[in-house]
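Single-structure report; data block below.
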Amino acid sequence: MLRACGVSSPDELFAHLPEAVRLNRPLALDPGISEYEIVDYFRARAAENAHGYASFLGAGVYNHYRPVLVDAVVSRGEFLTSYTPYQAEISQGTLTAIFEFQTMICQLTGMDVANASMYDGSTAVPEAAMMAARSTGRSRVLVARGVHPEYREVLRTYARNQGMPVEEFGYVAQTGAIDLEDLERRMGSDAADAALAAAVIVQSPNFFGVVDQVKSAAEIAHRHGALLIMVFTEAVSLGILEPPADADIVAGELQSFAISPSYGGPFAGILATREKYMRQMPGRLVGQTNDARGNRAFCLTLSTREQHIRREKATSNICTNQALIALMATVFMTVYGKRGLRELAERNMAKARYLAAKMQPRFSGPFFNEFVARVEGRTPEDLNKVLLKKKIVGGLPLGRYYPELADCMLLCATEMSTRASMDEVRA
Amino acid sequence: MITKVRPHLSQNEALLFERSSPGKKAYQLPDLDVPAVDPAEALGAENVREAIEGFPEVSEVEAIRHFTRLSTWNYAIDHGMYPLGSCTMKYNPRINELVARIEGLAWAHPYQPEALSQGCMRVMASLESALAEITGMDAVTLQPAAGAHGELTGILLIRALLEKRGNPRRKILIPDSAHGTNPATAAIAGYAVENIKSSEAGVLDVGALEQLVTEDVAALMVTNPNTLGVFEHNIVEAAGILHRKGALLYMDGANMNALVGIARPGDFGVDVMHLNLHKTFSTPHGGGGPGAGPVAVKKALEPFLPVPRLRRSGKKLAWDYRRKHCIGRVRAFYGNFGVLVRALAYILAHGGEGLRNATVDAVLNAVYIRKQLEPHFDLPYASPNLHEVVFSDKRQAAHGVHTGDLAKRLIDYGFHPYTVSFPMIVHGALMIEPTETESKLELDQFIEAMISIAGEAASDPQLVRNAPYGTRTSRVDEVTAARKPVLRWKPE
Amino acid sequence: MYPENFRYTKEHEWVLVEGDTATVGITDHAQRELGDIVYVDLPKVGARLEQGASFGSVESVKAVSDVYSPVSGEVTGVNAALADTPEALNQDPHGAAWLVKLKLANPAEVEGLMSAADYVVYVGAEK
């Protein structure tokens, strides 16, 4: 081979590189190790993490059972090691699965069209906001404090560079749901163009676990010519909760659908919307068509929205979709199906209510599988220390994100929470 | 519709919704150990949904058959070579899959106490340190979820630094050979894009650069080696031009597979760059994602890195949230940890010497392909190539056969097409990157196929233009798909 | 092929002037270069167009082309049929598949545009 390349040693292949750029020493990395040693290394790291603890953490990442079929499907080399389906003839597996995914997301959310997934829920939110800005020609965005705090941080990072002012509106102290009066006030009069809102962003169930007032928020938004963006972090809730018929865009996180918590990623976000905003959507879209012989086939479509064609005028810079992760969610949705997802949701509600009955819920609003509990007589952090000794990871102390709730923690119970461990938790 | 095709595995498989039957199920939940709850009572009747109309109802065996059949319609690295330029479709080691699923790592919750997350944090710290060494940079963030996400992060870092110095500036320079994410990213970051034409030799034109770099220019985004597979030999000079005018050099790390262990971007003037773990570091593409796009920076940019950052506190690691100057967060939590585990496993397996050997093999393979195909395909640029090579369809176009047709015909020979029509500075481009994974045996088969197709283009152009023939579907009608988009299934 | 009573731009648009109204479209050359057209993005009635400025775009599967206005004026009509049948642009770019109608702001602008004969030479030269 070297002869065919016209060189006598491999190093000659790099001889044309300027001397100044060449690395003249080996990389300062440990020598390569064997397969067994690699397994050992990561097992040791795993052992340094929590092991055998019951956990009541939610807050955007949920412990749900992963059906065995999920890994059986995604481990197939044809799915795992395949590329983006640009060549439709040899990617019908991936394309068909994504088409089914897009369909199921529409069915779940009540929207007309869904894309092939975003990086995660947190980045789907600014993408939705930018979509709303493009569609309305306006720039201001109003976001509820009940939207996940880290999602709001991500929104700000993107918005800052888009000339998109972001304003927060509050929640009602008693119910934990959005403060509609505060929202109405902040929508502003329609005097100055600059003050007009492009979108109102509401999460439901919100960060406190409370089922929020999406319909009322939509009414206010639409009255002022703004779009309503509904966000969700706990996808299982869609098994029981009324889909947001009044939303214009839905941005959410699918981690609950058989995606391992995996210390925060990789996850899969979804973006779904009404047909009239279809061409403003970022991300990949799979469409149905026919091949030359008239057989049904699928392909990536509406690609002119995307970066590889429209470059700086693209709807987004996004290139990837979380195909393999979305496939996990697709298998999950298939395994549970029409009845199963509802049953699963009802289980979650039952478990969470059992836990909530032992504690002091802070908010009166209806909740799905998460709720905020007031901790009395000690700090939430101290309660957690006690629970850790019982090998229980308690709820998330909220003081860091909501100083007014420093005496509270956010707890989540799912179908995987046992009665025995819940009995151990006492406020 | 025919319900069963030839004995081949490629069955005609309907969609899940078309195969569903009311009452079929594939799940079984354990009995409740707590009292059941009435949803209408607990939530309010107006909050409870109707059944999910159209959602699948299939049995477990139907589910596994459905997805298995679908999978047989895909080409994958496990089948054979993907010569896609700048995609670096190397083997996805199965050890990566095993370690990513170890329970203590896979079930770690990002908000669990730091004392109980030291294992995860150590994995991330080790990867940060390895990537810093490989790139020759001072600090690394693992937060970005993908390459384009890393690009955005990198440009935001540049903006933050320049803002701190008093003027964020307005423009970013991008070569006309760049990947589409580059200008799209610049626009999302609020910068205007100015294109810089490549020189006659297909590389950075430092003369043109000198003219274009003003106090209005924030940065140049460059890919090195560039999308022709050619090393930007002027890169040090280019960095100098930029730095003298207070601008920065961003490098798109998509082509790092040509440099690991050979040259380090930090050593040739790059201020900030992103890496694609799903390219250079073997994490699986999975049909389009997930990836991860870590960003590596020089010291001056470190204060602006996204929050939180890993910090050593004695023998323990901790997350540092007190970072006054940071650009904020680019996503929730810490990064695509599952992907990071896989990349670290790859690095541990190879070690320093192994990584360098992989680079050498990748380049050797690409140069070998170039030499073997040069007599048959037009080579627009004579410069030495590294890990990928770009031909044009000029000779075949004389017979009315274009790069897209040649690519489709390659499918009939058992290969995935190369990258078609990119970079845009080559008309009718064929962009080929074999990676180090391919043996001489596989390369020779690919070369044989390409030469045969070149022959067919001359002797029987129609044959090539109507390819592929051996696939489950023939060429799909992308025009109708775009004119009348049907993006979901609906019942009749 | 190229109607004598049209005027043409370097960006391959045509304009037909009748008094102080104008009809604007893209040329046959343009539609051939684009290939199968899948979508057309047009402004709303009432929009103000500037000579030389982009007022919309025409898309094929793999490419997007901006369309630039040959003249300045206010949009009085938009070809709604193109929303349903963008392929009409491939079939009849000089007739039924016009893009917009304008009320001219400055009729003198037309004088700077190419005649049919000049345009034929121009596209011949471009090849």
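Summary of values
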read-out: Test for B:Phe446: is it under 29 Å from C:Pro86 (Cα atoms) and of a type in the set (Phe, Trp, Tyr); value: no
read-out: Total residues in the stretch A:362-379, condition in contact with a Cys (Cβ under 9 Å, 6 or more places away or on another chain) and surrounded by fewer than 24 Cβ atoms within 10 Å (Cβ to Cβ); value: 3
read-out: Within the stretch B:196-247, tally of residues that are over 25 Å from B:Leu275 (Cα atoms), away from every other protein chain (no Cβ under 14 Å) and outside any helix (DSSP H, G or I); value: 7
read-out: Answer from A:Ala297, A:Ala350, A:Ala373 - the residue that is assigned to a strand (DSSP E or B), at the interface with chain B (Cβ under 7 Å from one of its Cβ atoms) and at pLDDT 90 or above; value: A:Ala297
read-out: A:Ala221 buried (at least 24 other Cβ atoms within 10 Å of the Cβ) and farther than 30 Å from B:Pro144 by Cβ; value: yes
read-out: Filter result for B:Leu84 (of a type in the set (A, V, I, L, M, F, W, C), touching an Asp or Glu at 6+ places or on another chain (Cβ under 8 Å), at the interface with another protein chain (Cβ under 8 Å from one of its Cβ atoms) and surrounded by 21 or more Cβ atoms within 10 Å (Cβ to Cβ)); value: yes
read-out: Some residue of the stretch A:378-393 being in contact (Cβ under 8 Å) with a residue 60 or more places away in the chain, over 30 Å from B:Gly23 (Cβ atoms) and not aliphatic (A, V, I, L, M); value: yes
read-out: Enumeration of residues in the stretch B:375-394 that are within 15 Å of B:Ser452 (Cα to Cα) and touching a residue at least 60 places away in the same chain (Cβ under 8 Å); value: B:His376, B:Phe377
read-out: Any hit, the stretch B:80-93, residues being over 19 Å from the mean Cα position of the chain (by Cα) and either modelled with pLDDT under 95 or in a helix (DSSP H, G or I) (or both); value: no
read-out: Residues satisfying the stated conditions in the stretch C:41-53, i.e. surrounded by 15 or more Cβ atoms within 10 Å (Cβ to Cβ) and assigned to a strand (DSSP E or B); value: C:Asp41, C:Leu49
read-out: Members of the stretch A:224-249 found to be surrounded by fewer than 24 Cβ atoms within 10 Å (Cβ to Cβ), touching a residue at least 24 places away in the same chain (Cβ under 8 Å) and among the acidic types (Asp, Glu), listed by number; value: A:Asp246
read-out: Output for the stretch A:7-59, where each listed residue is outside any helix (DSSP H, G or I), at the interface with another protein chain (Cβ under 7 Å from one of its Cβ atoms) and out of contact with any strand residue (DSSP E or B) (no Cβ under 7 Å at 6 or more places or on another chain); value: A:His16, A:Pro18, A:Pro26, A:Leu27, A:Ala28, A:Leu29, A:Asp30, A:Pro31, A:Gly32, A:Ile33, A:Glu48, A:His51
read-out: Top-ranked residue of the stretch C:65-90 - restricted to ones that are within 15 Å of C:Thr9 (Cβ to Cβ) and aliphatic (A, V, I, L, M), ranked as nearest to the other protein chains (Cβ to nearest Cβ); value: C:Val67
read-out: Filtered residues of the stretch B:257-280 (kept if away from every other protein chain (no Cβ under 13 Å) and not in a strand (DSSP E or B)); value: B:Asn257, B:Asp271, B:Leu275, B:Thr280
read-out: Qualifying residues in the stretch A:257-290 (those that are part of a strand (DSSP E or B) and over 18 Å from the mean Cα position of the chain (by Cα)) - the one farthest from the other protein chains (Cβ to nearest Cβ); value: A:Val286
read-out: Every residue from the stretch B:13-63 that is more than 8 Å from chain A (Cβ to nearest Cβ), over 30 Å from A:Tyr354 (Cβ atoms) and not in a loop (DSSP other than H, G, I, E, B); value: B:Glu18, B:Arg19, B:Val61, B:Glu62
read-out: Verdict on A:Asp179 being under 22 Å from the mean Cα position of the chain (by Cα) and not assigned by TED's automatic domain parsing to the domain that holds A:Arg400; value: no
read-out: Where A:Thr84 falls short, out of the listed (1) assigned to a loop (DSSP other than H, G, I, E, B); (2) within 8 Å of chain B (Cβ to nearest Cβ); (3) farther than 14 Å from A:Ala326 by Cα; value: (3)
read-out: Some residue of the stretch B:94-106 being more than 8 Å from chain A (Cβ to nearest Cβ) and crowded, with 17+ Cβ neighbours inside 10 Å; value: yes
read-out: Unique residue being of a type in the set (A, V, I, L, M), on the phi < 0 side of the Ramachandran plot and modelled with pLDDT of 95 or more when the list is B:Ile411, B:Ile425, B:Ile447; value: B:Ile447
read-out: Considering residues of the stretch B:404-434 that are in a helix (DSSP H, G or I) and of a type in the set (Gly, Ala, Ser) only, the residue surrounded by the fewest Cβ atoms within 10 Å (Cβ to Cβ); value: B:Gly404
read-out: From B:Val390, B:Val330, B:Val401, residue being out of contact with any Asp or Glu (no Cβ under 9 Å at 6 or more places or on another chain), buried (at least 17 other Cβ atoms within 10 Å of the Cβ), more than 8 Å from chain A (Cβ to nearest Cβ) and not in a helix (DSSP H, G or I); value: B:Val390
read-out: Residue in the stretch A:179-189 that is among the hydroxyl-bearing types (Ser, Thr, Tyr) and either touching a Phe, Trp or Tyr at 6+ places or on another chain (Cβ under 6 Å) or touching a residue at least 12 places away in the same chain (Cβ under 8 Å) (or both) present; value: no
read-out: Test: residue in the stretch B:255-262 that is closer than 19 Å to B:Ser126 by Cα, of a type outside the set (Ser, Thr, Tyr) and touching a Ser or Thr at 6+ places or on another chain (Cβ under 6 Å); value: yes
read-out: From the options C:Lys44, C:Lys103, C:Lys62, C:Lys10, residue that is at pLDDT below 95, within 13 Å of another protein chain (Cβ to nearest Cβ) and farther than 19 Å from B:Ala482 by Cβ; value: C:Lys44
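Conditions (1) crowded, with 24+ Cβ neighbours inside 10 Å; (2) outside any helix (DSSP H, G or I); (3) more than 11 Å from chain A (Cβ to nearest Cβ), marked per residue:
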position	(1), (2), (3)
B:Ala296	yes, yes, yes
B:Pro303	no, no, yes
B:Leu310	no, yes, yes
B:His325	no, yes, yes
B:Val339	yes, no, no
B:Ala349	no, no, no
B:Asn357	no, no, no
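Here is a yes/no grid of residues against (1) facing chain B (nearest Cβ under 7 Å); (2) crowded, with 24+ Cβ neighbours inside 10 Å:
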{"site": "A:Ser91", "(1), (2)": "yes, yes"}
{"site": "A:Ile98", "(1), (2)": "no, yes"}
{"site": "A:Asp112", "(1), (2)": "no, no"}
{"site": "A:Val125", "(1), (2)": "no, yes"}
{"site": "A:Ala128", "(1), (2)": "no, yes"}
{"site": "A:Thr136", "(1), (2)": "no, no"}
{"site": "A:Ala159", "(1), (2)": "no, no"}
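The values are calculated or read from the model by the stated rules, or taken from the named source; none is laboratory data. Note that the structure is a prediction, hence the values are computed from the model and not measured. Virtual Cβ from ideal backbone geometry, glycine too; neighbours counted across all protein chains shown.
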